[in-house]
Amino acid sequence: MNTDDDTNALLSRCSRFLFVFIATTALKTNATLTRTKVVPSSRPVGGVSCKAFLKSNNETIMEKKRGDWQKARNTPAGKETNAPLGVFVLEYDASNEDVEKTRNWKPIIKIAVSGAAGMISNHLLFKIASGEVFGPDQPVALRLLGSERSQVALEGVAMELEDCLFPLLREVDIGIDARKVFEDADWALLIGAKPRGPGMERGDLLEMNGGIFAEQGKALNDVAKKTCKVMVVGNPCNTNALICMANAPNLDKRNFHALTRLDENRAKCQLALKAGVFYETVSNVTIWGNHSTTQVPDFVNAKIGGERCTDVIDDQGWLENDFTPAIQTRGGLLIKKWGRSSAASTAVSIADAIKALVTPTKEGDWFSTAVITDGNPYGIQEGLVFSMPCRSNGDGSYEIVEGLKINDWLRERIKKSEEELAGERSCVAHLMGVSGGACPILEDTLLPGEM
Ligand code: LMR
């Protein structure tokens, strides 16, 4: 789950907000135009506003007035212009917007996405903007974080978002400074990370990506809403989430997640195929531990059509020796086939993971997400971000589901994943403000994509 979006570059250049694109800050009730950029999120409807900022040649931020942009838009094709034609809607008159349609909309939420010009985001952003993720009554403002290298691509992303005419998409900002992009964020989806390059040790990757997530944690701490929910996707996602959390003490630890929903979805698919049933009937699937090859897809507590999975698939050998490694290494197999990491399925699973938190969990079911182990009922050591079975009442929070049966087979494997995560934590202790960590990881189990 790495993008080729060079988020590393933003660390060295994060002092500039390159460019803000705002598509449709138009909100209504009355049609009065204002010049305020920020739309109060406590108010779903109101005046219309928009400013656009563009990096000038000497890299200062320059505000362009509406007329300037109109001139830029009118520049004949082929002539030099600062403005990518078609991208900017500066002031959007919402007076003719269907008031009935938006009357019951919720207040706007701000969703910050890092690695926004990468492949995963390219699938995810359009789902979010369409209303598929947060619901048909939830207007959204997208805050897209890229890097110097990806900034032009990011403008392309913004253009495509604009061209989709999504009614719920009220605003799109793009930039390379996490401190600006994360401002007042309600959600931060941290997708951008570096993949491991040739000759790079696992410790190097932890160090390099850990550095990015430490910086982003600090930025979230300083400028995001205190209630901001953070979903870490960039690998190694569990430990990146831990680093981010450690650097954001103003945010509740329970607001941090690392994505293991992709693994859950993969497990459900394989169980359904084996049982010859449709995916929908597979429930109660837990991924325990790390999003790595030590993860434990739990067939012991899973159900198919309400029955125990092990009763429906009466083939322990397959469950242990085929199914389990297949899920643990599926990311790697996919890379071999595609020549790159999973993108569309990762985006779908991010959407699923968010939906799982913003809608009530079905009675008796649960979902997998990697969360802080503090106070967990399974005896897993505290201070790790570990995938466990969770439920939500739909308000964005979760509770860990208690009482799952942990047999010896599961226990042994869960322990291995726990040890791996403790080792990773030790490697990055210095990024969490703790001194003296050694880096004891020996086995090459860091990412599913690296088998
Ligand atoms: C996946 O599970 O598909 C990815 O996390 C693999 C990877 O290493 O990017």
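Laid out as a table, the results:
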{"read-out": "ARG266 being basic (Lys, Arg), under 20 Å from PHE367 (Cα atoms) and out of contact with any strand residue (DSSP E or B) (no Cβ under 6 Å at 6 or more places or on another chain)", "value": "yes"}
{"read-out": "Those residues of region 295-325 which are within 16 Å of the ligand (Cβ to nearest atom) and among the hydroxyl-bearing types (Ser, Thr, Tyr), in sequence order", "value": "THR324"}
{"read-out": "Selection status of ALA178, of a type in the set (Gly, Ala, Ser) and surrounded by fewer than 24 Cβ atoms within 10 Å (Cβ to Cβ)", "value": "no"}
{"read-out": "Lone unmet requirement of (1) without any contact (Cβ under 8 Å) to a residue 40 or more places away in the chain; (2) within 15 Å of the ligand (Cβ to nearest atom); (3) not acidic (Asp, Glu) for SER292", "value": "(1)"}
{"read-out": "Conditions (1) buried (at least 20 other Cβ atoms within 10 Å of the Cβ); (2) part of a helix (DSSP H, G or I); number of the one not met by HIS430", "value": "(1)"}
{"read-out": "Flag if PRO377 is more than 16 Å from the ligand (Cβ to nearest atom) and over 27 Å from LYS274 (Cα atoms)", "value": "yes"}
{"read-out": "Region 424-439 residues that are modelled with pLDDT of 90 or more, paired with ones that are among the aromatic types (Phe, Trp, Tyr) and buried (at least 16 other Cβ atoms within 10 Å of the Cβ) (beta carbon under 8 Å, 6 or more apart)", "value": "LEU431/PHE213"}
{"read-out": "Boolean, LEU404 is in contact with a Pro (Cβ under 9 Å, 6 or more places away or on another chain) and either over 21 Å from PRO297 (Cα atoms) or modelled with pLDDT under 95 (or both)", "value": "no"}
{"read-out": "Region 343-370: number of residues that are within 16 Å of the ligand (Cβ to nearest atom), among the small types (Gly, Ala, Ser) and assigned to a helix (DSSP H, G or I)", "value": "6"}
{"read-out": "Selection within region 230-272 - away from the ligand (no atom under 13 Å from the Cβ), of a type in the set (Lys, Arg) and within 27 Å of ILE327 (Cα to Cα)", "value": "ARG254, LYS268"}
{"read-out": "Strands (runs of 3 or more DSSP E) completely within region 250-307 that count 1 or more residues being under 24 Å from the mean Cα position of the chain (by Cα) and more than 30 Å from VAL223 (Cα to Cα)", "value": "286-288, 296-298"}
{"read-out": "Residue match in region 307-320 (condition: in contact (Cβ under 8 Å) with a residue 40 or more places away in the chain, closer than 27 Å to VAL230 by Cβ and of a type in the set (Asp, Glu))", "value": "no"}
{"read-out": "Exclusive hit being farther than 24 Å from CYS228 by Cβ, buried (at least 17 other Cβ atoms within 10 Å of the Cβ) and touching a helix residue (DSSP H, G or I) at 6+ places or on another chain (Cβ under 8 Å), set TYR378, TYR398", "value": "TYR378"}
{"read-out": "Close pairs from region 334-355: first within 15 Å of GLU264 (Cα to Cα) and touching a residue at least 60 places away in the same chain (Cβ under 8 Å), partner hydroxyl-bearing (Ser, Thr, Tyr) and away from the ligand (no atom under 12 Å from the Cβ), Cβ under 7 Å, at least 6 apart", "value": "ALA353/THR369"}
{"read-out": "Hits in region 392-421 (condition: charged (D, E, K, R), over 19 Å from ALA353 (Cβ atoms) and not in a loop (DSSP other than H, G, I, E, B))", "value": "ASP408, ARG411, GLU412, ARG413, LYS415, LYS416, GLU418, GLU419, GLU420"}
{"read-out": "Considering residues of region 326-342 that are within 9 Å of the ligand (Cβ to nearest atom) and of a type in the set (Gly, Ala, Ser) only, the residue surrounded by the fewest Cβ atoms within 10 Å (Cβ to Cβ)", "value": "GLY332"}
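Table: residues versus (1) surrounded by fewer than 20 Cβ atoms within 10 Å (Cβ to Cβ); (2) more than 16 Å from the ligand (Cβ to nearest atom); (3) assigned to a loop (DSSP other than H, G, I, E, B); (4) among the polar types (S, T, N, Q).
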| residue | (1), (2), (3), (4) |
| --- | --- |
| LEU125 | no, yes, no, no |
| ASP173 | no, yes, no, no |
| ASP184 | yes, yes, yes, no |
| LYS194 | no, no, yes, no |
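The values are calculated or read from the model by the stated rules, or taken from the named source; none is laboratory data. Please read all numbers here as calculations on a predicted model, not as lab measurements. Please note: Cβ atoms are built from the backbone with ideal geometry, for glycine as well, and neighbour counts cover all protein chains shown.
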